[in-house]
1. Set Lys and Arg Cβ to +1 and Asp and Glu Cβ to -1, take the dipole of region B:179-301 about its Cα centre, and tell me which of B:S213, B:S229, B:V271 lies farthest positive.
2. Using a cut-off of 15 Å between beta-carbons, work out the net charge of the residues near A:V203 (Lys and Arg +1, Asp and Glu -1, A:V203 not included).
3. Would you work out the Kirkwood radius for region A:215-316? I mean one over the mean of 1/r across all pairs of different Cα atoms, in Å.
4. Kindly provide the Kirkwood hydrodynamic radius of region A:72-162 in Å, to one decimal, from all pairs of distinct alpha carbon atoms.
5. Assigning unit charges at the beta carbon (Lys, Arg +1; Asp, Glu -1) and nothing else, what dipole magnitude in debye, to the nearest 20, does region B:69-225 show about its Cα centre?
6. On each of the three principal axes of the Cα atoms of region B:379-437, give max minus min coordinate, whole Å, ordered largest first.
7. Please compute the modelled spin-label separation between A:S306 and A:S414, points set 7 Å along Cα→Cβ, answer in nm with one decimal.
8. Calculate, axis by axis, the spread of Cα positions in region A:32-74 along the three principal axes, and write the results as whole Å, longest axis first.
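The values are calculated or read from the model by the stated rules, or taken from the named source; none is laboratory data. This structure is a prediction, so every number in the text was calculated from the model and none was measured. Because the Cβ atoms are built from the backbone with ideal geometry, glycine has one as well, and the counts that use them run over all protein chains shown. Calculation scope for accessible area: heavy atoms of the full protein, side chains included, ligands and nucleic acids excluded. Shrake-Rupley method; radii C 1.70, N 1.55, O 1.52, S 1.80 Å.
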Protein chains: 2
Amino acid sequence: MSVQKPSIPKGTRDFGQMEMARRNYIFDTIRSVFRAYGYQQIETPAMENLSTLLGKYGEEGDKLLFRIQNSGEKAALAPEKGLRYDLTVPFARFVVQHQNEISFPYKRFQIQPVWRADRPQKGRYREFYQCDVDVIGTRSQVNELELVQMVDAVFGKLGVRVGIHINNRKVLTGFAEIAGAPDKVVDITVAIDKLDKIGLDKVKEEMAEKGLSEQGIAVIGQILSLEGSFADKLGAMRRLFQGGSASGISSQTGLKGLEEVEELFGLIDAVGIQAPVELDLSLARGLNYYTGAIFEVKALDWEIGSICGGGRYDNLTGIFGLPDLSGVGISFGADRIYDVLTGLELFPAALTQATTLLFAVMGADELKYILPIARDLRAAGVAVEVYPDAVKLRKQFEYAERKGIPFISINGSSEMEAGTVNLKNLQSGEQKAFKASALQEILNFLK
Amino acid sequence: MSVQKPSIPKGTRDFGQMEMARRNYIFDTIRSVFRAYGYQQIETPAMENLSTLLGKYGEEGDKLLFRIQNSGEKAALAPEKGLRYDLTVPFARFVVQHQNEISFPYKRFQIQPVWRADRPQKGRYREFYQCDVDVIGTRSQVNELELVQMVDAVFGKLGVRVGIHINNRKVLTGFAEIAGAPDKVVDITVAIDKLDKIGLDKVKEEMAEKGLSEQGIAVIGQILSLEGSFADKLGAMRRLFQGGSASGISSQTGLKGLEEVEELFGLIDAVGIQAPVELDLSLARGLNYYTGAIFEVKALDWEIGSICGGGRYDNLTGIFGLPDLSGVGISFGADRIYDVLTGLELFPAALTQATTLLFAVMGADELKYILPIARDLRAAGVAVEVYPDAVKLRKQFEYAERKGIPFISINGSSEMEAGTVNLKNLQSGEQKAFKASALQEILNFLK
């Protein structure tokens, strides 16, 4: 066989031991918070039937699906399977397929890779993990609150200061309705987002270009002029939605949205959240999809865009035959969170230290002397390595150094005769001999 | 959009919350043992270049690779990528590709799904997890010992009684050499395996049919007649390998194999292993691949075949341009271990209990009263749910029951006035009121 220069497909990654330790730290932290709120993990297959995936992510999404060649005789026929593109559609499929085994409200989380045939570029991969948490089968704002609490808890544990932005699709719909342009929700939201950058006049110009009526533009002007406290703004919006805007049009949807916003912020106040939470009317994330609350989380001390986001959806499972099931969920962006923790140097140093103690080996007899001690330390929960070969001590020291092992134990014939174990702290240089049977004292030294 | 009946590709599985809790229990147990021995986790991409995979698993394996259609304009061309078929070849590719970042001896583990276009049948899936641990870059038998220790520790923790079978490829090669048929290692090993079932005469007949000479058959007869203690057998084999067999041929490879076996069993004796360990000369697992020790682990109380196995290989990375790197590893069969634990009812009951306490909700005020208490309990490490809707209590009780939540807390206006929390143990029926601020007492009750 000829020798191949090894490589991996573009857009994919190997994760070495340090990256894995750090990724596991992120996932373990997130998982522990999900569990504290009663969310349970599921997994779905990497492959789904293409019929499950197609048409769910728009035309562009269909193109970005990785398709799997049929096996055997059907290889030449059109593929029937594709790789998971996100965790949301498989979750919807799962809920419908297993609806009789599930008790609603159903709280699940899922941490798995997804694949997209996107053009690889910095920070965009063809294989990456998603980390989704959803509750389905309840319309209560308590769920929105829990998601906010979980975001707060996760980033609190990770030591990342974040800001939580909340919007509500119904409020945005209300804006479009009272502007007399119920089909222009996206345009109006984009306009709101641009206010700071281009100013009110330019925004109005753009709205005119998008075909909004003069009256509609006047309404947008009223919305963009909202001022005062959170309660003031809510009160002003309520009056607009009740028919008090320039158009005189009222919006029940807008009023319902305000009610949701008010309830959610009331709950957030009642329970108390560390992170600043802000009603952000410019937040347009996933607008075609969400029907209530919309969330986005940003790191305050590191510029990287959204590191977590989500919202409420009302008909996720309808396409698979189970209509009217409302749910709400968020997704944590593992790669970006990794970058934030790296950038801010927030990964605990101990993560990369896998092994606590290395037993150096001088020969066959010393090896047999060491092995039972190593066994007992492992049973007591210490990560211990025994160097496999009786090579030069310098080489064994180097191994400890390269692997970041903080303690080394070198034992020769004198230790064997005395029944002792020699331990050395490689950072401080402190060295001490213990009775081989004095497990507790050894454990204390290794702390 | 029309309604689709949801399904998943044949041979794949959804894992619901109970299965996931149980699978995580297995993986967490295995992981904790790997870590106690200084093995560190890596992950490789689901997709590898087909050039990495093809030719590594035999002709049959090539056929069973899932190939991924190229995206965009290259869709009609032959696929360039395939799904991971096992964890061994990607590991070899990883070691060569990252050889400059790795310090040898390199100890890694990897727990990821693999995909095979096998015909699905009971217990055989097209997507399943492998769980591999390997050390590469050392020939020391200490590594073999560690693998045996890890097997012992994993199954000890899981409560599964196992038998560990060990063989050595060099010994088998030695048998073939002294039988004058160095190309018939597999035939001879199969013959040894059949002795108990068909008897010595039939085995000799078969060996003749396979083209073994009369003298060779006589040697096989000598091997199959080995009796006595472990030391007796080793001594007798040594004499055969030194030229004392019917053929008079000696085998250096056989002698080297015996030396390895002797050293490994000596180390096992020195450290002590719970599980019975046995030299099993009929063990032929992965014979084309292994060059030294061969391992196989079987559950003693549940008939299911091998639940863990592996061995030493000498040229895993050669095909990728890094020759002469000896390694040894084992793979845990997660699906079979799952079946054994299920069959023997060894899964801890607490695994399926995700949430400890459910706060029932009577109304909006009660909700706001409860939320901070729930928050504090979660912060103290208790998994707590707050029922999201103030529906009938019966429905909330049913939710607790279906989800196996052992404690419920129902609080109305009287508890709010008194500043207390009412807790009920749903198993024992015990009910008690606590001051809402008496967190420690509440935690004690929930234990």
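1. B:S213
2. Net of charged neighbours comes to -2.
3. By the Kirkwood definition, the hydrodynamic radius is 15.4 Å.
4. Mean inverse Cα-Cα distance, inverted, gives 16.3 Å.
5. 540
6. 31, 26, 25
7. Once both label points are built, they end up 6.6 nm from each other.
8. 48, 28, 14
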